[in-house]
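In what follows, a structure is listed as C-alpha cells, so that the remarks can point back to it.
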Amino acid sequence: MIIAIDGPSGAGKSTVAKAVAKKLGFSCLDTGAMYRAIAWQALADGVALDDDAALGEVARTCVIAFGHEAGDPVPKRVFVGDAEVTDAIRTAEIDRAVSPVSAAPSVREALVDQQRRIGRAGDYVVEGRDIGTVVFPEAPVKVFLTASDEERAHRRVRQNVDRGIGSIDYDEVLADLRRRDELDSSRATSPLRAADDAVHLDSTGRYIEEVIDEICAMADAARA
C-alpha cells in the first residue's frame, strides 16, 4: 500500500510521514530529500541551476541512499555516493537551490522513476509535492497537508534551531517559504497541487498526534 502525503514546505509532511510509517509498520520515503541531494550535487559540481540537460545528467548518475537504524523503517541519514549529506542538504543554500532543481523536467523524470521502483517494493508512506498527482496517482490514501504561512515559518525556525543549520530569522524564513510556494505551484512540470481525491488536512494549531491518527485511520479503512 502507498500512502501519499503532499503539501508545501514546512507543513509537517516529514514529521507526520515518519510517525505514520512507524505506527503502521511501513517504510518511509522522503522524496524531498532526494531533490535536495541532487541540488547539493549540482552545486558541488558547479552545474547551473537553469541547465536542464546538465541537471538531468546529475540526477541520472547520482547514487542516493538512505541509512536506517536496526529495526527502524524510517531513514535517519542521507548519502550521495560515499558522502553523508544528512545535514548538508538542509542548509539555507539548498533551500534556495532545490526549487529550480526540482522544476527541471529531466530531474523529475529521473527521480520519479526511482521513486516508483522504491515504492512498489513494499508498503510505503511517501511524502513530497507531486506524489498523489504524478508519482503514485493510484495510491489508495492521499493527503494534502497544509498549515498557515506563519505556522510553517515558526516550525521551520524551530527546526533550524534544533539542527543548528539554516536561517533562524523568522522574516527571512517566511519570505523564503512564500517564494518557494510560488515557484513550486507555478512550475510547468509536476506543480504543487492537491490530487482531486486527496483529503485536505490543515495542521495549523493542531496536535501532531491528531493528524497522525487521522491518516492512520484512513489507511486502516483502505485496507479493510
Quiz item: Taking the Cα centre of each part, how many Å lie between segment 70-146 and segment 176-213?
Solution: 15
Quiz item: Put +1 on the Cβ of each Lys and Arg and -1 on the Cβ of each Asp and Glu in segment 2-205; which of GLY67, VAL107, SER186 then has its Cα farthest toward the positive end of the dipole?
Solution: GLY67
Quiz item: Where in segment 36-83 are there trypsin sites (Lys or Arg not before Pro) that are in a DSSP coil and have at most 14 other Cβ atoms within 10 angstrom of their Cβ?
Solution: LYS76
Exercise. Kindly provide the helix-only [θ] at 222 nm of the chain, computed as the sum of -39,500 (n - 2.57) over DSSP H runs of four or more divided by all residues, to the nearest 500 deg cm²/dmol?
Key: -16000 deg cm²/dmol
Practice problem: Please grab the % of Cα pairs in segment 11-142 that end up more than 18 Å from each other. | Solution: 53
Quiz prompt | Given charges at beta-carbon only (K, R positive; D, E negative), |dipole| of segment 1-132 in Debye | solution = 560
Quiz item: For segment 47-121, what is the charge dipole size about the Cα centre, in debye to the nearest 20, if Lys and Arg each add +1 at the Cβ and Asp and Glu each add -1 at the Cβ?
Solution: 360
Quiz item: Taking amide H positions as placed 1.01 Å from N in the peptide plane, with prolines and chain starts having none, which residues 5 or more places from SER148, or on another chain, fall under 5 Å of its amide H?
Solution: THR204
Self-check item: Size descriptor, Kirkwood hydrodynamic radius, that averages inverse alpha-carbon separations across the chain, Å
Solution: 17.6
Quiz item: Within segment 52-116, which GluC sites (Glu not before Pro) sit in a loop by DSSP and count at most 14 neighbouring Cβ atoms inside 10 Å?
Solution: GLU69
Self-check item: Magnitude of the charge dipole, the chain, Cβ model with Lys/Arg +1 and Asp/Glu -1, debye to 20
Solution: 420
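Values in this text are rule-based calculations from the coordinates and carry no lab data. Since this is a predicted model, take the numbers as computed values, not measurements. Cβ sites come from the backbone with ideal geometry, for glycine too, and all protein chains shown count toward neighbours.
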